[in-house]
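Peer 1: Got a structure here, written out as structure tokens. Questions coming.
Throughout, read-outs are computed from the coordinates displayed, never taken from laboratory work. Keep in mind that what you see is a predicted model, and the values were worked out from it rather than measured.
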């Protein structure tokens, strides 16, 4: 009979200890879950910002950096690439000489500097 009382007491103490450990670790487990979800959200935010940065740095040549910087957030700025053939075609369409086109280009650059 003594063995049964000792065994029952030991089992009861083990159950109470397990219950206390569960109660103490529950708070840590919940905090860990919140931390993991916060980390996941931050990783997603970092990924989206890196993608935006790649898009902006890939699509914007240096000549269009001022236009992109001055644009409102959420407004997509259309970028253009320089092409010598395109410039020659535009000069021909406008009926300008090489000197006239050069003067026009210089005036446009000066105008863009004063706007920025």
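Peer 1: Find the all-direction average of the projected area of the Cα convex hull for the stretch 1-59, expressing the result in square nanometres with one decimal place.
Peer 2: That works out to 4.9 nm².
Peer 1: What full-extension length gain, to one decimal in nm, is calculated for residue 111 and residue 43 as 0.36 nm per residue of separation minus the Cα-Cα distance?
Peer 2: 20.2 nm
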